[in-house]
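What follows is a short report on a single structure.
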Amino acid sequence: MNAIQTEWLLAVAALGCLAAAIAHSVLGERLFVRQIQAQMTWSGGEKAADFKRLIVRIAWHATSVMWLGFAAVLFAPLLGFKGLTPVYAIAAATFAVILIMTGPVTAWRHLGWPVFAIITLSLIAAVALSP
C-alpha cells in the first residue's frame, strides 16, 4: 500500500472517530443519559443521587473524549507529526480532559481522578523527555 492510500485510510478512520464521538455525546444527551438516570435507583439521599447521576453523565461523555483522542492520534501523521511524541501529547491532553471531568467537575469526589492525574502527569513527562 502506498503512502497516499495510507493517509486516506487514516483520514477516514480519524473522521469516523470524530463522527462517533460527536454522535455519541449529542445522541446520548438527547436519547439515553436522562433515561438511564431516570431508571436508576439511587441510595444514600438526594446529594448522593445527584453525584451518581453526574457520574453516569461523565462516564458517557468520557467515551466520546477518548474517541476524540483517537481521532487526533490518527490525524497527527497527516499533519506532518512524526514519531511517538505527538501520540504522547495527544494522550496527555485526552487524559487531562478526563481528569478535569472526574476531578473539579465532581468536586474531587470521583475516585478515579488520582489515576487520571498520574496518567496525565506521566504522559506530560514523557513528552518533555522525548527527543
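The values are calculated or read from the model by the stated rules, or taken from the named source; none is laboratory data. Everything numeric here is computed off the predicted structure, so don't read it as measured data. Glycine gets a Cβ as well: all are built from the backbone with ideal geometry, and neighbour counts include every protein chain shown. The accessibility values were calculated without ligands, DNA or RNA, using every heavy atom of the protein model including side chains. Shrake-Rupley method; radii C 1.70, N 1.55, O 1.52, S 1.80 Å.
Ignoring any ligand, DNA or RNA, what whole percent of the accessible area of region 83-131 comes from carbon and sulfur when the probe is 1.4 angstrom?
The C+S portion of the solvent-accessible surface of region 83-131 is 83 percent.
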Counting each pair of different Cα atoms once, what's the Kirkwood radius of region 83-127 in Å, rounded to one decimal? 10.4
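For the chain, count all C-alpha to C-alpha pairs, find those more than 18 Å apart, and express that count as a whole percent of the total. Mind dumping the intermediate values first?
Numbers: 5351 of 8515 pairs.
Of the Cα pairs, 63 percent sit more than 18 Å apart.
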Dipole size in debye (nearest 20) for the chain around its Cα centre, Lys and Arg Cβ +1, Asp and Glu Cβ -1? 300
Given the DSSP H assignment, sum -39500 (n - 2.57) over each helix run of at least 4 residues in the chain and divide by its residue total; what's the result at 222 nm in deg cm²/dmol, nearest 500? -25500 deg cm²/dmol
Expressed per residue, the solvent accessible area of the chain in Å² (1.4 Å probe) is about 63
Shape of region 1-78 from its Cα gyration tensor (a ≥ b ≥ c, root eigenvalues): rounded if a/c is under 1.5, otherwise prolate when a/b > b/c, or oblate? prolate
With every protein chain kept in the model, how would you rank Met1, Met40, Met66 by accessible area, 1.4 Å probe, largest at the top? Met1, Met40, Met66
Label-point separation in nm, Ser122 to Ile100, each point 7 Å along Cα→Cβ: 2.3
